[in-house]
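Worksheet for the structure shown next.
The values are calculated or read from the model by the stated rules, or taken from the named source; none is laboratory data. Since this is a predicted model, take the numbers as computed values, not measurements. No Cβ is skipped: glycine too gets one built from the backbone with ideal geometry, and neighbour counts run over all protein chains shown. Accessible surface areas use protein heavy atoms only, side chains included; no ligands, DNA or RNA. Shrake-Rupley method; radii C 1.70, N 1.55, O 1.52, S 1.80 Å.
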Amino acid sequence: MVGGGGGSDNIIHRMAMDDPIPWYKKRNLRNMYLLLFPCVIGIEMTSGFDSQIINAAQLLPAWKHYFGNPTGAYNGILASALPLGSVIGLPLIPLVNDNFGRRWCIMFGSCVMVMGTLIQGFATNGVMYCLARGIIGFGLPYAIVAGSCLIGELGYPKERPVLTSLFNACYFIGAIVAAGCTFGTQIIENDWSWRIPSLLQMAPSILQIAFVFFLPESPRFLMSKDRYEDAKQVLIKYHGEGNPNSEFVKLELAEIRATLEIELENSKRSWMDLVRTAGMRRRVLIGSLLGLFTQLSGNVVISYFLGDVLKLIGYTDPSFQAKYNLGNQCWSLICGVSAALVVMRFRRRTMYLTGILSILAVYIAWTVCTAIFIANKSDVAAKMSLFWIYAYSPAYNLCFNALTYTYLIEIFPYAQRARGISIFQFWGKAAQFFGTNVNPIGTQAIGWKYLLVYCCWIFVEAILIWFLWPETSNRSLEELAFLFEQDEYAARAEAAIAKTVANQENLNHETESEKHSTTHVVEHEKV
């Protein structure tokens with residue numbers, strides 16, 4: 001069961017995949033999906049906005065002057081204050097998410113981010129700026145963890161992988177807005193050239209605050225709190241389009257209920273659950289490595305310090321750097337959305353391995369071209385380096401952007417989903433903190449040779465993915481809850497579904513018998 005990856009024999013998954021009616025022709029489901037975008041799927045816009053706030057702000061003369069022309073370690077701490085704040089806030093996320101619900105957790109994180117953004121926009125010195133970014137970072141993972149859980153638990157099984165993949169793709173919408181805004185404010189010759197973009201970082205959080213309670217709560221959360229009828233109504237409305245007799249909803253309710261009972265009776269809902277069994281330890285290892293890989297695959301170099309790598313190949317003009325950066329973010333959005341839309345067509349391991357090997361090939365080529373330029377001042381090598389930076393985006397988006405939250409939601413069962421994604425966030429933000437501090441020092445100290453470090457590390461990532469990543473495609477969340485556990489747990493859940501199917505068939509048979517009896521009586525009376 002660990003390494004498998006073929007089609008599912010789960011009746012609920014088959015029914016969802018065979019559903020001939022597309023989501024946009026289902027009124028309730030369509031409305032929910034449209035509402036998911038501003039208040040949940042758009043959460044990652046804040047992360048993308050932040051990467052470009054630092055990346056683009058470093059190109060603004062007013063920002064450099066106000067903060068004393070930061071370089072090296074000082075430049076690093078200005079960028080890394082946000083992930084540091086995230087690491088501090090992570091331990092309490094499951095308490096809020098699992099006790100108060102996904103929506104309240106999003107609301108809390110969004111309010112904290114608005115407060116931090118206001119302080120950032122009106123910062124009077126470097127310390128206040130770093131503190132503000134730490135506050136934004138503290139609130140961000142609350143919204144990310146709860147939002148990714150809510151998308152996976154509300155989405156209809158047929159569209160769930162695409163929705164969770166689009167969650168990460170929205171990163172680039174924030175990045176584009178930030179890069180474009182900062183490019184536009186370059187003409188302002190005072191501190192508002194960086195204060196305006198800094199204040200605009202609260203826009204996604206305001207959308208979440210305004211719209212999140214128009215969404216239903218996760219039916220799995222409701223059921224975990226013994227609110228069975230509330231969970232039933234959510235599934236009837238959105239997965240059954242208001243039909244209380246929907247066979248799919250009845251089976252889904254039975255599967256969720258049976259799976260949650262097994263999960264909760266074998267869980268103490270504590271952090272120790274993550275290391276109690278061999279299956280959970282493997283999940284934690286994969287989640288931790290995924291957190292490291294998403295931030296240590298060379299992307300932070302491009303996201304936060306693009307100006308430095310462009311200088312290595314002779315492109316020092318701030319206007320060119322800003323235009324190139326904006327173009328790269330637009331290209332990345334196209335790649336991210338495209339990868340999300342094809343996620344149902346390929347197996348997870350295939351996408352991960354193709355993506356990581358492509359990243360390795362791109363980084364090697366980029367490193368070689370940069371080295372040739374520095375040695376020979378070759379204009380062709382410099383332009384090829386520009387090409388390889390753009391080529392990095394489709395490779396990265398194919399695996400780490402498109403699949404990150406899709407995969408995390410699939411490998412972690414409900415009872416530990418929030419903690420599992422928090423572990424991923426911890427290692428991801430820790431890696432981001434490390435990268436934003438070390439990258440400027442590394443590029444200054446050894447120049448293009450610093451890229452060689454990433455080439456070696458990405459090769460290690462490919463090996464680990466090959467040996468550790470299980471296949472999870474074409475299965476329901478409840479079916480995946482026991483991916484690494486004893487088969488008896490899965491058998492109990494399947495028995496509950498089989499019982500519901502049998503009851504439904506008996507009910508249908510009785511109904512048909514009653515209709516037949518009624519017809520016979522009527523015909524007899526006519527005679």
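For segment 29-40, 3J(HN,Hα) computed residue by residue from phi via the Karplus equation (6.51, -1.76, 1.60; θ = phi - 60°) reads 5, 4, 4, 5, 4, 5, 6, 4, 4, x, 9, 9 Hz, glycine and proline entered as x. Its alpha carbons give segment 252-379 an Rg and a Dmax of 21.8, 68 Å.
Take the solvent-accessible surface of the protein heavy atoms, probe 1.4 Å, and return the percent of it on segment 326-465 that carbon and sulfur atoms account for. The value for segment 326-465 is 76 percent carbon and sulfur by accessible area.
The alpha carbons of the chain stretch over 101, 46, 44 Å along the principal axes, in descending order. Projected onto its three principal axes, the C-alpha set of segment 334-413 covers 54, 21, 16 Å, listed from the longest axis down. Computed from the Cα positions only, the extents of segment 371-417 along the three principal axes stand at 58, 16, 8 Å, in decreasing order. The average projected area of segment 61-107, computed from the convex hull of its Cα atoms over all directions, is 4.7 nm². The residue among Pro440, Leu398, Ala361 whose Cα reaches farthest toward the positive pole of the charge dipole of segment 336-492, with charges on the beta-carbon of Lys, Arg, Asp and Glu, is Pro440. Using the alpha carbons alone, the radius of gyration of segment 132-205 stands to its Kirkwood radius in an Rg to Rh ratio of 1.11.
Counting only protein heavy atoms and using a 1.4 Å probe, what share of the accessible area of segment 120-242 belongs to carbon plus sulfur, as a whole percent? Walk me through the numbers before you get to the answer.
Values: 2690 of 4050 Å².
Carbon plus sulfur share of accessible area: 66 percent.
Listed by chain and number, the lysines placed with their C-alpha closer than 20 angstrom to that of Lys158 are Lys25, Lys26, Lys232, Lys237, Lys250; residues fewer than eight positions away on the same chain are left out. Which one, Met113, Ser148, His13, projects farthest toward the positive side of the charge dipole computed for the chain from Cβ point charges (K/R +1, D/E -1)? Final value for the positive-end residue is Met113. Which chymotrypsin sites (Phe, Trp or Tyr not before Pro) does segment 112-150 hold that lie in a coil by DSSP with at most 15 other beta carbons within 10 Å? The qualifying sites are Phe122. The residues of segment 128-223 present an accessible area of 27 Å² per residue when probed at 1.4 Å with all protein chains retained. Dipole check for the chain: with +1 at the C-beta of Lys and Arg, -1 at the C-beta of Asp and Glu, and the Cα centre as origin, the magnitude is about 1360 Debye. Among Asn168, Ile256, Gln208, which residue has its Cα positioned farthest towards the positive end of the charge dipole of segment 164-260, with +1 placed on the Cβ of Lys and Arg, -1 on the Cβ of Asp and Glu, and the dipole taken about the Cα centre? Toward the positive end, the furthest listed residue is Ile256. When you work out D = kT/(6 pi eta Rh) for segment 23-165 at 4 °C and 1.567 mPa s, using the Kirkwood radius from C-alpha pairs as Rh and the Stokes-Einstein form, the result is 79 µm²/s.
Using only DSSP helix segments of four residues or longer, with each worth -39500 (n - 2.57), what per-residue ellipticity at 222 nm results for the chain after dividing by its residue count and rounding to 500? Let's see the in-between values first.
Numbers: 27 runs with 402 residues, N = 527.
Calculated from helices alone, the mean residue ellipticity at 222 nm is -25000 deg cm²/dmol.
Treating each Cα of segment 400-482 as one equal point scatterer and applying the Debye formula with no solvent, the log10 of I(q)/I(0) at q = 0.12, 0.17 Å⁻¹ comes out as -0.51, -0.86. To make sure I understand the rule: partners must be lysines, Cα under 26 Å from the Cα of Lys383, and not fewer than 8 residues away in the same chain. Which ones qualify? Straight-line reach from Lys383, under 26 Å: Lys311, Lys323, Lys449. Diffusion coefficient (Stokes-Einstein, Kirkwood radius over C-alpha pairs, 10 °C, 1.306 mPa s) for segment 179-255: 99 µm²/s, rounded to a whole number.
At a probe radius of 1.4 angstrom, the accessible area of segment 21-109 per residue rounds to 36 square angstrom.
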